[in-house]
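A short worksheet on the structure shown next.
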Amino acid sequence: MPKVAVIGVGQSAFVRGYPGSIRELAFDAYAEAMADAKAQNSDIGATVICSSPEYDKQRSPAGVIAEYCGLNPQPTFYVETLCSSSSTGLKLAYSLVASGLHESVMVLGFQKMSEISSAESQERMGRGADIQWESPFGTMMPAYYAMHAKAYLNQFGASEEDLALIRVKAATYGQINEKAVYRKPVELQQCLDADPVSKPLKVMDCCANADGSSCVIVASEKRAKEMGIKKPVWILGIGAASMPINMSCREKFHGLAVAEEAARQAYKMAGLGPKDINVAEVHDCFTIAEMMAYENLGFADPGQGPALIRAKETYKEGSIPVNVDGGLLSKGHPIGATGGSQVRTVVLQLRDEAGAMQVKDPQFGLVHNIGGVGLYGNVTIFGR
Amino acid sequence: MAKPEIDARFKKFGTVSFTATTKVNDFIDYLEKGQVAGTKCAKCGQVFFPPRADCFRCPGEAVEWFVVEGTGKLATFSELMYAPIGFGEDLPYAIAVLDYGDFKVFGRIGQVPFEDLTIGMDMVARANELPGGNLNYVFEKA
Ligand SMILES: [Zn+2]
């Protein structure tokens with residue numbers, strides 16, 4: 001397989017109530033990634049636009065965004081897998097470059113969630129599950145993940161405090177990420193005393209909705225050389241999987257099989273294992289999601305996730321730093337932009353450009369990005 | 001020529017239904033009779049819940065209905081204190097999965113006090129009429 005590099009990354013600030021339209025929001029990430037790659041529009045062969053529909057009114061947003069970024073007449077199209085849309089976009093971009101069809105492809109993810117109310121947003125996300133058989137019962141993302149939390153705590157005798165420790169860690173790093181929406185510290189007791197949303201998950205166990213955009217530019221080895229890219233970050237392994245949408249068709253609830261399968265593929269392709277990973281970004285839309293990710297990615301054995309966080313092994317100085325940019329919990333979770341933002345963090349880490357968040361000398365980084373409730377799984381492994 | 005009549009029975013499913021027409025509309029008739037039903041492939045015997053009109057192993061083969069009977073074990077659940085738009089009046093309520101061995105059923109908890117719920121407990125699925133005349137099914141203590 002020909003080598004594919006990430007040559008530029010960008011991200012808007014993740015905010016509540018972005019004071020502009022979706023094309024302007026997307027442009028923020030585009031501009032940063034283009035500056036990062038020192039690229040011109042003529043260097044970009046195609047664009048993949050990623051978001052989750054029904055937050056804004058624009059149908060087929062790819063056309064609008066490509067026009068606004070001046071990326072005509074290159075082909076552009078739209079990709080959607082809920083919260084993992086931009087990881088799916090990356091897989092597609094990788095394939096387009098690896099196949100030789102294009103020398104360089106841009107993945108541009110965005111979401112402007114503030115156009116609708118929080119209750120409407122819960123209904124939209126709830127409809128990212130089975131609308132025929134589950135939504136009529138009044139489902140929403142926190143409730144689905146809460147079912148996993150209930151099963152996890154029951155299966156392994158873990159506590160709500162174990163979950164809260166993950167939020168405390170996220171807030172530690174949210175404070176030093178100037179692009180995060182939630183930049184305040186969070187105390188353990190504050191998490192435990194927070195109002196319940198869907199038991200056992202409380203307000204502090206849930207990520208914040210945000211408006212934001214992300215951009216990742218990938219290129220062939222040849223194009224990266226031609227462009228004089230000094231620190232290409234290589235895509236070494238790229239795994240993706242799906243599992244049944246309806247909860248009644250799932251084997252277990254104390255982990256996400258979709259993440260295990262995507263991880264298996266990515267590790268195999270990269271020829272690496274969990275012990276080789278030096279820094280990771282995992283999909284912590286809820287604290288329980290990060291706890292399950294530790295185990296589904298092999299950073300901890302089943303049931304040993306709580307020991308990992310209690311020993312602070314997933315802090316910046318630990319054996320496997322996870323979400324040292326604040327994660328979705330503190331950074332915010334603008335659905336279609338999230339995967340690209342995770343990729344950006346890992347790319348900056350591997351280039352030693354992550355500033356205050358920098359992990360010491362990482363060789364390999366991993367991104368775990370889940371769409372829906374364990375519906376779409378994406379694991380991507382990068383190397384310097 | 002008369003317009004073809006649209007069978008929109010499924011509009012009656014749940015507090016808010018997001019689907020009107022499905023080939024398994026008979027599910028609503030079973031609920032009206034007080035039964036919760038799934039389907040089974042007539043050829044390979046694969047059991048489906050939620051019910052489906054097609055077996056993905058045996059395209060073109062018929063599926064037949066079966067009534068969910070006996071008890072299932074509570075696989076997991078969660079009590080909602082906050083609801084998506086359209087469900088606020090139902091609060092607080094709990095969603096859950098019952099494991100019947102051959103299949104699982106996703107639904108809502110019925111009249112059981114939340115503090116009595118424990119993973120692994122035996123429960124039964126019961127057809128339920130909602131205020132306003134819609135139908136769903138709920139899980140009760142066995
Ligand atoms: Zn069959």
(Q) Among the numbered criteria (1) away from the ligand (no atom under 16 Å from the Cβ); (2) within 14 Å of another protein chain (Cβ to nearest Cβ), which one does B:VAL67 miss? (A) (2)
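I'm checking my understanding of the structure. Among residues of segment A:179-203 that are of a type in the set (Lys, Arg) and under 23 Å from B:TYR93 (Cα atoms), which one is farthest from the other protein chains (Cβ to nearest Cβ)? Give the steps one after another, and end with the answer.
Initial filter on segment A:179-203 (of a type in the set (Lys, Arg)): A:179, A:183-184, A:199, A:202.
Retained after the next criterion (residues that are under 23 Å from B:TYR93 (Cα atoms)): A:199, A:202.
Numbers: A:LYS199: 4, A:LYS202: 9 Å.
My answer is A:LYS202.
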Q: Mind listing whichever residues of segment A:41-65 are under 23 Å from A:GLU226 (Cβ atoms) and in contact (Cβ under 8 Å) with a residue 12 or more places away in the chain?
A: A:ASN41, A:ASP43, A:ILE44, A:GLY45, A:ALA46, A:THR47, A:VAL48
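Does segment A:210-224 contain any residue that is farther than 30 Å from A:ASP301 by Cβ, of a type in the set (S, T, N, Q) and open to solvent by 10 Å² or more (accessible area, probe 1.4 Å)? Walk me through how you get there before you give the answer.
Applying the first criterion (farther than 30 Å from A:ASP301 by Cβ) to segment A:210-224 yields A:210-224.
In the following step, the residues that additionally are of a type in the set (S, T, N, Q) were identified as A:213-214, A:220.
Cutting the leftovers down to open to solvent by 10 Å² or more (accessible area, probe 1.4 Å) gives us A:220.
Within segment A:210-224 (the criterion being farther than 30 Å from A:ASP301 by Cβ, of a type in the set (S, T, N, Q) and open to solvent by 10 Å² or more (accessible area, probe 1.4 Å)), the answer is yes, since at least one residue qualifies.
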Q: Identify all residues within segment A:304-317 that are open to solvent by less than 20 Å² (accessible area, probe 1.4 Å) and part of a loop (DSSP other than H, G, I, E, B); write none if there are none.
A: A:THR314
Q: Name the one entry in A:LYS169, A:LYS91 that is modelled with pLDDT of 95 or more and within 16 Å of the chain's Cα centre (by Cα).
A: A:LYS91
Q: Tally the residues that are crowded, with 16+ Cβ neighbours inside 10 Å and either in a loop (DSSP other than H, G, I, E, B) or near the ligand (Cβ under 9 Å from one of its atoms) (or both), restricting the search to segment B:41-62.
A: 8
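Out of B:PRO92, B:PRO84, which single residue is in the same structural domain as B:GLU129 (by TED's automatic domain parsing), touching an Asp or Glu at 6+ places or on another chain (Cβ under 9 Å) and open to solvent by 70 Å² or more (accessible area, probe 1.4 Å)? Quick ask: steps written out before the conclusion?
Details: B:PRO84 fails: open to solvent by 70 Å² or more (accessible area, probe 1.4 Å).
Every option except B:PRO92 fails the conditions.
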(Q) If I filter segment B:2-26 down to residues being away from the ligand (no atom under 16 Å from the Cβ) and aliphatic (A, V, I, L, M), which single residue comes out as farthest from the other protein chains (Cβ to nearest Cβ)? (A) B:ALA2
Q) Does B:ALA125 satisfy being modelled with pLDDT of 95 or more, under 24 Å from B:ARG9 (Cβ atoms) and small (Gly, Ala, Ser)? A) yes
Q. Taking segment A:111-151, which residues are farther than 23 Å from A:CYS50 by Cα, more than 7 Å from chain B (Cβ to nearest Cβ) and open to solvent by 30 Å² or more (accessible area, probe 1.4 Å)?
A. none
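Here is a check on your reading of the model: is A:MET204 within 30 Å of A:GLY20 (Cβ to Cβ), outside the structural domain of A:LEU82 (by TED's automatic domain parsing) and modelled with pLDDT of 95 or more?
Numbers: within 30 Å of A:GLY20 (Cβ to Cβ): yes; outside the structural domain of A:LEU82 (by TED's automatic domain parsing): yes; modelled with pLDDT of 95 or more: yes.
Against the criterion (within 30 Å of A:GLY20 (Cβ to Cβ), outside the structural domain of A:LEU82 (by TED's automatic domain parsing) and modelled with pLDDT of 95 or more), A:MET204 qualifies.
Just wondering, is there one or more residues in segment A:169-188 that are more than 30 Å from A:ASP28 (Cα to Cα), surrounded by fewer than 24 Cβ atoms within 10 Å (Cβ to Cβ), outside the structural domain of A:ALA33 (by TED's automatic domain parsing) and not aromatic (Phe, Trp, Tyr)? Give the derivation first.
To start, the set of residues in segment A:169-188 that are more than 30 Å from A:ASP28 (Cα to Cα) comprises A:187-188.
This time we only want the ones that are surrounded by fewer than 24 Cβ atoms within 10 Å (Cβ to Cβ), so: A:187-188.
If we keep only those that are outside the structural domain of A:ALA33 (by TED's automatic domain parsing) too, we end up with A:187-188.
Now restrict to residues that are not aromatic (Phe, Trp, Tyr): A:187-188.
Looking for residues that are more than 30 Å from A:ASP28 (Cα to Cα), surrounded by fewer than 24 Cβ atoms within 10 Å (Cβ to Cβ), outside the structural domain of A:ALA33 (by TED's automatic domain parsing) and not aromatic (Phe, Trp, Tyr), one finds at least one in segment A:169-188, hence yes.
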(Q) On the basis of being open to solvent by less than 30 Å² (accessible area, probe 1.4 Å) and closer than 18 Å to A:MET247 by Cα, does B:GLY120 make the cut? (A) no
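Would you list the strands (runs of 3 or more DSSP E) that sit entirely within segment A:123-242 and hold 2 or more residues that are farther than 25 Å from B:LEU98 by Cβ? Step through it out loud before you land on a result.
Values: elements: A:196-198, A:211-220, A:233-242.
Qualifying strands (runs of 3 or more DSSP E): A:211-220, A:233-242.
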Q) Which numbered condition trips up A:ALA98, out of (1) in the same structural domain as A:MET227 (by TED's automatic domain parsing); (2) open to solvent by 10 Å² or more (accessible area, probe 1.4 Å); (3) over 24 Å from the mean Cα position of the chain (by Cα)? A) (3)
Q.
For a quick check of your reading of the model, give me the residue pairs whose first member lies in segment B:27-49 and is within 17 Å of B:GLY72 (Cβ to Cβ) and within 14 Å of chain A (Cβ to nearest Cβ), whose second is near the ligand (Cβ under 10 Å from one of its atoms) and open to solvent by 50 Å² or more (accessible area, probe 1.4 Å), with beta-carbon atoms closer than 8 Å and at least 6 apart or on different chains.
A. B:VAL47/B:LYS40; B:PHE48/B:LYS40
Q) Of the residues that make up segment B:19-28, is at least one open to solvent by less than 30 Å² (accessible area, probe 1.4 Å) and either assigned to a helix (DSSP H, G or I) or basic (Lys, Arg) (or both)? A) yes
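The values are calculated or read from the model by the stated rules, or taken from the named source; none is laboratory data. Small disclaimer: the values here were computed from a predicted structure and weren't measured. In this analysis, Cβ positions are derived from the backbone assuming ideal geometry, glycine residues included, and neighbour counts consider all displayed protein chains. We work out accessible area using only protein heavy atoms, side chains counted, and drop any ligands, DNA or RNA first. Shrake-Rupley method; radii C 1.70, N 1.55, O 1.52, S 1.80 Å.
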